[in-house]
Amino acid sequence: MLRFNTDFLRDKINLKSLNKKYSKNVIHICENVQKKTAHGSLMTDWMEINLLQKNVDIDLIEKIKKEWIKLKIKNVVIIGIGGSYIGAKAIIDMLSPKDRLFNLFFVHNINSDFLLPILDRVGKCFGIVVISKSGKTIEPSVAFRIFRKRLEENVGLSQARKCIAVVTSKNDSILNKFSSIKGYHILSIPNNIGGRFSTLTNAGLLPVALAGIDIKKILAGAKAALKELDTPILRANTAYQYACYRYYFYTVKKLQIENFVVYDPNLTMIASQWQQLFGESEGKNGKALFPTYSTFTTDLHSLGQYLQQGTKNFFETTLIVDKPNYDIRLKIDNNNDGLQYLNNIKLSTITQKAFEGTVFAHSVSGKVNNLVIQISKADEFHYGYLFIWLAKAAMMSAYLLKLNPFDQPGVELYKDKMFELLRTK
C-alpha cells in the first residue's frame, strides 16, 4: 500500500514529538472541516466515499468509448489546463498502458509552435475532449475553437458533434450551454470540487478511460485511502503527519523550499500534480514552502551538486515505487566495458541502490532532511490511494497555515489582466 518513512530525518523530531506539538490543532481543523465551518470546506466532496462513484458517469464514458471505436477514431485531443489535465496525464504516464484504445494528445498550451503540429498529426476524423469547469478559461476555449473548426471542416457538422465530449459544470458554465445547443456529449464536474481536486471525477477519468485504463480500480484505491485516513488522530494518519512535518520545517526550521523527488520519468507528472496541489492550495498571503520537483537520477547530473553542497534552505520528499511494472535483468558475458559486477542484476535494483545512495548522501553528508513516500506498485489502485493521500495532506497543510486550501485568487489576477490587455490590443 503506502508507507511514510521518516528514517532519513536530520532533525530529531519523531512521531511522538510531532503528535505532542500538533495533534490538538489537527483535531480542531478536522472538526471544523466536518462541520463545514472551515474556510472553503464546502469544496470537499472529493473526500466523501459515498460520492466517489456518483462523481463519475461510468455508463456515458463507456458509451463514448464504444461510439468512437465504431467511428474508427484513432486519435483524441484532450484540451484542458491545470487541474483539468494534470491528473489524467499523471495517471496515464504512471501506468504507461501498452494497449491504448486511442492515441491521446494533451493540449494544455496555446503557443502556436506547440499546438499546430498536433493539429497536423491528428488526422481527418479525431475525437475531442474539452475540460473546463467554467468554460471561461481562455486557453482551453481558444484551443477548442481551433480543433473544433478543423474537425467540422474535415467531417461536417453532423459527424463532428458525435466526436466531441465536453466536461464542465452543470449550472453556470458557458461551455455547458453551448454544448447543449450543439448536441455534444456532456459530462459534469461537481460544483463542490475544485480543479486540482477533480482528478477522480469525469474531468480526470474520461481521458484515463480513453487510454484503456480501468477507472474502477482507481476509485477502489481512493476508497481504501478515504477509509484509512478518516481519522483526526495524528499518530494514525500518515497524510496529516506529512502535512505537520512540512509545517514544522517551514515555521520552526524556517526552510523555504521542498524538493519532491521521483526516480522514474513516468512519475514526473505525479510530481507536477503534487506541485499544483500544494502550490495552489497554500501559496497565499505571502506564506508557504516553494514546491519544486526533480527526476532522479537524471537531475542528479545537473542539480546534484547544489543539493549536496549548496544553500540548505530546503528539504526533500521522495516518492519511490517498490516494484516496477517492467524490468530488465542484465546479462554481461565479458568485462570489456568494466561492468561485469552488474551481471544478473535487474535495472530496478540499480534504481533502488541509486535511491539508497542518494538519500544517504543528502541526509548524512549533505545534512538535508529527507522524507520518503513508498508505494508498492505503480498501478491503478495505488494511484487512487496516493491521490487521496496527497490531497488530504495538501488540505491539512494549508489549514495549518490558516489558509483556504480551495481557492486560487492569484491565478484569477493574471486572467483578468490578460483579458484586459487582449480587449484593448
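Worth pointing out:
- Hits in the range 159-217 (condition: under 19 Å from S141 (Cα atoms), at pLDDT 95 or above and among the aromatic types (F, W, Y)): Y184
- Verdict on D45 being open to solvent by 20 Å² or more (accessible area, probe 1.4 Å), in contact with a strand residue (DSSP E or B) (Cβ under 8 Å, 6 or more places away or on another chain), farther than 21 Å from R148 by Cβ and modelled with pLDDT of 95 or more: no
- Flag if V33 is surrounded by 15 or more Cβ atoms within 10 Å (Cβ to Cβ), assigned to a helix (DSSP H, G or I), touching a Cys at 6+ places or on another chain (Cβ under 8 Å) and modelled with pLDDT of 95 or more: no
- Residue list for the range 55-84, filter: under 21 Å from the mean Cα position of the chain (by Cα) and of a type in the set (S, T, N, Q): N55, S84
- Residues that are in contact (Cβ under 8 Å) with a residue 40 or more places away in the chain, over 26 Å from L175 (Cβ atoms), open to solvent by 60 Å² or more (accessible area, probe 1.4 Å) and assigned to a loop (DSSP other than H, G, I, E, B) are absent from the range 20-28.
- Of all the residues in the range 233-262, those that are among the small types (G, A, S) and open to solvent by less than 30 Å² (accessible area, probe 1.4 Å) number 2.
- Taken over the range 277-303, the criterion of being under 24 Å from K254 (Cβ atoms) and either assigned to a strand (DSSP E or B) or in contact with a His (Cβ under 9 Å, 6 or more places away or on another chain) (or both) is satisfied by F290, P291, T292, Y293, S294.
- Candidate set from the range 396-425 (those that are part of a helix (DSSP H, G or I) and among the basic types (K, R)); member that is farthest from Y250 (Cα to Cα): R423
- Residue within the range 181-195 that is in contact (Cβ under 8 Å) with a residue 60 or more places away in the chain, of a type in the set (S, T, N, Q) and in contact with a helix residue (DSSP H, G or I) (Cβ under 7 Å, 6 or more places away or on another chain) present: yes
- Positions within the range 229-249 being of a type outside the set (G, A, S) and either free of Cβ contacts under 8 Å to residues at least 40 places away in the same chain or not in a helix (DSSP H, G or I) (or both), in sequence order: L229, D230, T231, P232, I233, N237
- The range 155-175 - residue that is among the polar types (S, T, N, Q) and open to solvent by less than 50 Å² (accessible area, probe 1.4 Å) and, of those, farthest from the chain's Cα centre (by Cα): S173
- Selection from the range 176-196 of residues that are closer than 19 Å to I128 by Cα and part of a helix (DSSP H, G or I): N176, K177, F178, S179, S180, I181, K182
- Filter pass, F387 being surrounded by fewer than 20 Cβ atoms within 10 Å (Cβ to Cβ), in contact (Cβ under 8 Å) with a residue 60 or more places away in the chain and assigned to a helix (DSSP H, G or I): no
- Exactly one residue out of A393, A361 is of a type in the set (G, A, S), at pLDDT 95 or above and closer than 30 Å to H28 by Cβ, and it is A393.
The values are calculated or read from the model by the stated rules, or taken from the named source; none is laboratory data. Please read all numbers here as calculations on a predicted model, not as lab measurements. Here Cβ is always computed from backbone atoms with ideal geometry, including for glycine, and neighbour counts include all displayed protein chains. Note: accessible area is taken over every heavy atom of the protein model, side chains too, but ligands, DNA and RNA are not part of it. Shrake-Rupley method; radii C 1.70, N 1.55, O 1.52, S 1.80 Å.
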